[in-house]
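Encoded as structure tokens, the structure appears first; notes follow it.
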């Protein structure tokens, strides 16, 4: 065997092999945790506060939800509830390696983007921003992984064995 070198995988291929379906499921749980921490930080339970001047400036911004008639507010809440159910269903589908779960996750992400444009100004502290950014990166990673490599194959295999 002299003169022959052992075949090594390029870095990206070694990473792909390490991203097993079990690691994917753990990443889903990490995403859920980061999302929960984002909500807790946004509600102020993690101690992030703002100066009175900054809070007063934010409070003086127009709040389109407060100006909506009752039916408009109900409509917004119904749309948000539907999106929450769809996202939860897509997480379950991703966790169980169902093809409909990854398609639902992709299309719910695409459908949510236009809604973000009408939310108006936001005020978030450092912790909330950090947790939201980590959750957003994890979500993008989960979407990408669900279509590629061993995890993508698990989606195809799971539907074939049903």
- Message: For the chain, what does the helix formula give at 222 nm: sum of -39500 (n - 2.57) over DSSP H segments with n ≥ 4, over the residue count, nearest 500 deg cm²/dmol?
- Response: -24000 deg cm²/dmol
- Cα gyration tensor shape of the stretch 29-122, rounded if a/c is under 1.5, else prolate or oblate by comparing a/b with b/c: oblate
- Tell me, what is the FRET efficiency for residue 39 and residue 95 to the nearest 0.05, using R0 = 22 angstrom and their Cβ-Cβ distance as r? 0.65
- Note on the structure: For the chain, the longest principal axis of the Cα atoms and the Cα long axis of helix 99-116 enclose an angle in degrees, to the nearest 10, of 30
- Message: Using a 7 Å offset from the Cα along the Cα-to-Cβ direction at both residue 157 and residue 67, what is the distance between the two label points in nm, to one decimal?
- Response: 5.5
- Message: Between helix 70-95 and the chain, what is the angle of the helix's C-alpha long axis to the longest principal axis, kept within 0 to 90° and rounded to the nearest 10?
- Response: 20
- Task: Any chance you could run the full-extension gain for residue 148 through residue 110? It's 0.36 nm times the residue separation minus the Cα-Cα distance, nm to one decimal.
- Result: 11.8 nm
- Message: Can you compute the equivalent ellipsoid semi-axes for the chain, i.e. the square root of 5 times each eigenvalue of the Cα gyration tensor, sorted largest first and rounded to whole Å?
- Response: 40, 22, 12
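Any read-out appearing in this document is the output of simple, stated calculations on the displayed coordinates, not a laboratory observation. Predicted, not measured: the structure shown is a model, and the values here were computed from it. Quick reminder, even Gly has a Cβ in these numbers, built from the backbone with ideal geometry, and neighbours come from all protein chains shown.
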